[in-house]
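The structure under discussion appears below in the form of structure tokens.
The values are calculated or read from the model by the stated rules, or taken from the named source; none is laboratory data. Please read all numbers here as calculations on a predicted model, not as lab measurements. Backbone-built Cβ (ideal geometry, glycine too); neighbour counts: all protein chains shown. The area values use the complete protein model at the heavy-atom level, side chains included, leaving out ligands, DNA and RNA. Shrake-Rupley method; radii C 1.70, N 1.55, O 1.52, S 1.80 Å.
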Amino acid sequence: MKFEKPFLFLSALIACFVIASGVTTVSKPNNYSESYPVVVCPPTLNGLTSQISISSRKTQYQRLENRSSKTVPFKALRFPVTKDSLVISAEGTTPLIWQSRTGSWAGGTLCSGPNAAAWFVGGTANVTSRGRLILINSGLSDSIVDVQSYTENAKQPIKSVNLKSKSYIQLSLDSLAPGDKSLAVQVTPRSGRVNAFMIDEQGAGLKALGGDFVNSYPTASKEVVIPAIPNQLPKAGQKASASHTLRILTPGDVNTTFTLEVLSADGKFIPVGMSSRSIEAGVVSEFSFEPKISASAFAVRVTSAEPIVASVSSSVTISRHKDFVWSTATPPLMPMSIAVTGLSPLIAFAGESISVKVQAKLVNGKTVSASVKGSDIATWRVPANARSITIVSSSKGVFAGALIASTNGYGFIPIVNGSALTRVEVPNSNIRVLNP
């Protein structure tokens with residue numbers, strides 16, 4: 001009896017701790033912090049001109065190499081960039097950058113958040129190459145980036161690059177695999193906020209042979225859809241059709257076969273020689289095809305037994321000079337917004353059953369809505385005075401890309417979300433902090 005009261009008191013205290021811990025753990029919900037990470041645009045290299053399309057004049061930015069965290073508003077819907085890479089608080093609407101070399105070529109890409117990994121299927125490392133791989137570190141700490149190249153000859157040794165904080169470097173494409181013609185490059189950061197961009201520019205002596213951005217794709221997969229490929233029809237008196245080249249790689253250790261299917265307004269078909277075609281593992285292969293179609297744009301679906309990466313290069317003529325376009329794969333379409341001020345792209349949607357609702361916000365503040373329906377492929381022209389477009393909703397299994405023509409050249413833009421909302425769990429404190 002002497003120890004009965006202390007024992008009861010101790011038992012009650014322990015029971016209170018157990019109940020409190022259980023109630024706190026079960027009943028308290030998780031808290032989350034949501035935000036839009038800043039996006040990064042490529043720099044303007046020597047001899048090029050570039051402009052960034054912005055959805056709002058109030059959008060904030062800073063120059064990459066500015067050590068201050070201070071940002072300033074654009075105060076314009078289309079902003080010329082003379083040199084440095086820009087870091088933009090896009091707040092959900094992805095900026096688009098359009099670059100060109102006067103009388104030679106033009107192309108564009110989306111400003112985006114940091115990449116976990118990026119595949120670039122395009123470019124060349126032979127004597128015609130003037131292309132660059134641009135690596136950007138927008139973080140506050142140094143990073144190391146691994147660059148793995150593949151060519152028509154073999155898999156190349158990995159090149160590791162040290163990248164200082166808030167800086168960028170250029171790697172010549174001909175330094176990745178000197179003398180080789182067909183490139184596929186995987187960029188993998190080990191840490192840090194790293195973006196990668198590729199420009200494929202070619203020339204022979206003083207003669208320009210064209211150029212374009214090679215847009216990236218995150219991973220290899222067994223099915224690849226390239227939704228927007230330009231198809232310039234022959235003019236009166238011309239017999240030749242536009243030529244296209246499929247560049248494909250299976251980066252694994254096992255050989256595979258692939259089938260290419262053309263999706264067009266004239267129907268869905270497999271070109272001659274593009275069914276169950278064999279390719280060697282770790283080696284970049286190219287196949288030419290000339291589909292006999294009447295549409296100005298088409299799509300392709302490439303399927304394989306093993307994961308692959310692929311793109312299509314197309315010859316075009318703009319303002320009486322020749323150029324080329326790299327059309328790359330895109331992920332399935334999802335709701336997003338992209339700034340397009342100053343441009344009027346043709347957007348191609350590819351899929352078995354297409355049902356997409358889109359909106360265009362005009363420069364004057366008005367909104368125009370459209371519903372795009374079809375099978376295999378459907379197109380929609382963005383109004384010339386649009387400042388941004390929004391994918392409101394989309395049926396499953398639909399892919400989209402944009403084709404843009406200017407006086408200097410022709411380009412392809414993937415319709416992907418470069419400014420995605422991120423959600424980070426905020427840890428909750430409970431009795432386990434004190435009593436683990």
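What to note about this one:
- Where a residue in the stretch 396-421 is more than 18 Å from Val214 (Cβ to Cβ) and part of a loop (DSSP other than H, G, I, E, B) and its partner, wherever it lies, is of a type in the set (Ser, Thr, Tyr) and open to solvent by less than 10 Å² (accessible area, probe 1.4 Å), with Cβ under 6 Å and at least six apart: Ser419/Thr94
- In the stretch 354-395, the residues that are farther than 23 Å from Ser327 by Cα, open to solvent by 40 Å² or more (accessible area, probe 1.4 Å) and outside any loop (DSSP other than H, G, I, E, B): Lys357, Gln359, Lys361, Thr367, Val368, Ser369, Ser371, Val392, Ser393
- Considered as a group, the residues in the stretch 122-142 that are open to solvent by less than 10 Å² (accessible area, probe 1.4 Å), out of contact with any helix residue (DSSP H, G or I) (no Cβ under 8 Å at 6 or more places or on another chain) and in contact (Cβ under 8 Å) with a residue 60 or more places away in the chain include one that is farthest from Asn195 (Cα to Cα), and that residue is Gly122.
- Boolean, Glu201 is open to solvent by 50 Å² or more (accessible area, probe 1.4 Å), in contact (Cβ under 8 Å) with a residue 12 or more places away in the chain and among the acidic types (Asp, Glu): no
- Residues satisfying the stated conditions in the stretch 275-294, i.e. within 15 Å of Pro251 (Cα to Cα) and either assigned to a loop (DSSP other than H, G, I, E, B) or touching a His at 6+ places or on another chain (Cβ under 7 Å) (or both): Glu280, Ala281, Gly282, Val283, Val284
- Among the residues of the stretch 221-245, those that are modelled with pLDDT of 95 or more and surrounded by fewer than 19 Cβ atoms within 10 Å (Cβ to Cβ) comprise Ser221, Lys222, Glu223, Thr245.
- Residue-level check: of (1) within 24 Å of Ser165 (Cβ to Cβ); (2) surrounded by fewer than 20 Cβ atoms within 10 Å (Cβ to Cβ), Pro95 misses just (2).
- When the stretch 171-198 is limited to residues that are within 23 Å of Gly108 (Cβ to Cβ), under 19 Å from the mean Cα position of the chain (by Cα) and of a type outside the set (A, V, I, L, M, F, W, C), the one that is most open to solvent (accessible area, probe 1.4 Å) turns out to be Arg193.
- Residue satisfying condition, being buried (at least 19 other Cβ atoms within 10 Å of the Cβ), closer than 26 Å to Thr328 by Cβ, touching a Pro at 6+ places or on another chain (Cβ under 6 Å) and free of Cβ contacts under 8 Å to residues at least 60 places away in the same chain, within set Val87, Val145: Val145
To keep it simple, each residue is scored yes or no on (1) open to solvent by 20 Å² or more (accessible area, probe 1.4 Å); (2) aliphatic (A, V, I, L, M); (3) more than 26 Å from the chain's Cα centre (by Cα).
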site	(1), (2), (3)
Thr250	no, no, no
Val254	yes, yes, yes
Ala265	yes, yes, no
Phe269	yes, no, yes
Met274	no, yes, yes
Ile279	no, yes, no
Glu286	yes, no, no
Glu290	yes, no, yes
